[in-house]
1. Using the Kirkwood formula on the Cα atoms of region A:36-80, what hydrodynamic radius do you get, in angstrom to one decimal?
2. Just name one of A:164, B:82, A:131: the one whose Cα is farthest towards the positive end of the charge dipole of the protein assembly as shown (beta-carbon charges, Lys/Arg +1, Asp/Glu -1).
3. Sorted from shortest, what are the nm distances separating the label point of residue B:147 from equivalent points in the other copies, each placed 7 Å from Cα along Cα to C-beta?
4. Take every Cα pair under 8 Å in chain A that's 6+ residues apart, average their separations, divide by the length, and report that relative contact order as a whole percent.
5. Which distances, in nm and shortest first, link the residue B:161 label point to the same label point in every other copy, taking 7 Å along Cα→Cβ?
6. Treating only the Cβ of Lys, Arg, Asp and Glu as charged (+1, +1, -1, -1), what charge dipole size does chain A show about its Cα centre? Round to the nearest 20 debye.
7. Per q in 0.06, 0.08, 0.13 Å⁻¹, report the Debye log10 I(q)/I(0) for the protein assembly as shown, using one uniform scatterer on each alpha carbon and no solvent.
8. For label points placed 7 Å from Cα toward Cβ, what is the shortest-first list of nm distances from residue B:199 to its copies?
There are 2 protein chains.
Amino acid sequence: MTGWGAGSALPGLTSENLALLDRLSSMDVPKGTVLFRPGETVKGFVIVLSGRVEVFLTGPTGRDILLYSVEPGQSCVQSTLGLLGGEDYSGEASTATEARVVLVPRDMFLRLIDNDPGFRGFVFEAFAQRLQSMMHLLERVAFQRIECRLAQALLARAEEDCVNATHAELAALIGSAREVVSRRLDALARRGIVELERGTVRILDTETLRHLGEDAD
Amino acid sequence: MTGWGAGSALPGLTSENLALLDRLSSMDVPKGTVLFRPGETVKGFVIVLSGRVEVFLTGPTGRDILLYSVEPGQSCVQSTLGLLGGEDYSGEASTATEARVVLVPRDMFLRLIDNDPGFRGFVFEAFAQRLQSMMHLLERVAFQRIECRLAQALLARAEEDCVNATHAELAALIGSAREVVSRRLDALARRGIVELERGTVRILDTETLRHLGEDAD
DNA sequence: GCCCTGTCGGTGACTTGGTCACGCAGGGTT
DNA sequence: AACCCTGCGTGACCAAGTCACCGACAGGGC
């Protein structure tokens, strides 16, 4: 019994199943750990309890793109894919912060799916959300200009008008190349919208940035 | 009772639920009909019995990209999304051929999900497959060259070394612009790999085309 | 036959974005 | 101090998307 409080993350489970989940041991993982790589077979259903896990796709040229990030209480859909369809991972997941995760073994996962409506709902909804967000991502990648995506990423990542990320990290967030991000940021800085420092971007004009982040259809 | 043979499309259902599904009336839809548009709310769970339904995303510049196509026996995941997560459609679905579809009403869908393991499995697997294929699509769009994607599309669409599609259609298949496809095809024709006619592309050198369709990592 | 109209495809000029190959600056380590 | 690693800036080049055209063809109506 690890007492990680499955109740808060998984509302609606029957108490006996909750107890079952509670008995699983959670793992603490340091920041930057790779949880799985493309081609690996799936060991179980992963739920993130705290911290953040990011799933990236890597292109042949070494360029990365963030598929989605898994926040506390969410599951990593990639693992579900493998459990249900027998497919292997195709993205690479690593911890963006130190994190605490639980791994639900395959047979237990399948049993829960079959006899617990609450758990089922949890999995289904996670699925639906991911699929939806993947479609939005695809839409952005296929149709939106870099400037637009960059503005969105900056706003999303900002803490008190400050973004702590290298240009390379920002590039991965929006699925572009480091050089391109550098040039765009430079352009934004020239216009007085942001201020650049090694490792951080300070947002000076949130309003204009928000405007740039909107679709120009 | 429409007798559309749910059994073949949905193996593993209990006989009573099969009968329930069989009692739904199917619809015949002519080629080119738009089944749903972005922003519409979801009326039910859609299953395609015959023909092909294609789901596109449209960019602000009018450019289209094929998200996936729904073959007989498959369901349209977009409709599932709406039923489970309450989200609206974000793609546009239309029939690529004349087609026969069934619409499972929302409440019946939810009941089936809850009490029929076979139906549940069907939905889950469809979900998993779509998500997987969306990730592959994203990978192609984000990282692969046009020539590569075009070669794949041509091979996938070929019937006896002949592809009956306009340049605009091919462009939508691979998420590019018509002009770009025209130029690429022209380049392929110059190299003697294909032969162009109004409305069709004839493949002369399948081997080279297959080679072009492989990733160049 | 002829014309009209809509679809299909070709083309040039331009812009945006990705790739490659650098080089330089700051902050640690030894 | 010499070193190295990481983050960032830059120029050149290429691939791809956009815009504005134009001609070529097919089908229908007269």
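Computed from the coordinates by the stated procedures, all read-outs in this text should not be read as laboratory data. It should be emphasised that the depicted structure is a prediction, and the values quoted were computed from it without experimental measurement. Ideal geometry is used to build each Cβ from the backbone, glycine not excepted, and the neighbour counts take in all protein chains shown.
1. After inverting the pairwise mean of 1/r, the radius is 11.5 Å.
2. A:164
3. 3.1
4. 20
5. 6.7
6. Roughly 360 debye, rounded to the nearest 20.
7. Debye intensities relative to I(0), on a log10 scale: -0.29, -0.52, -1.29.
8. Sorted ascending, the copy-to-copy spacings read 6.4 nm.
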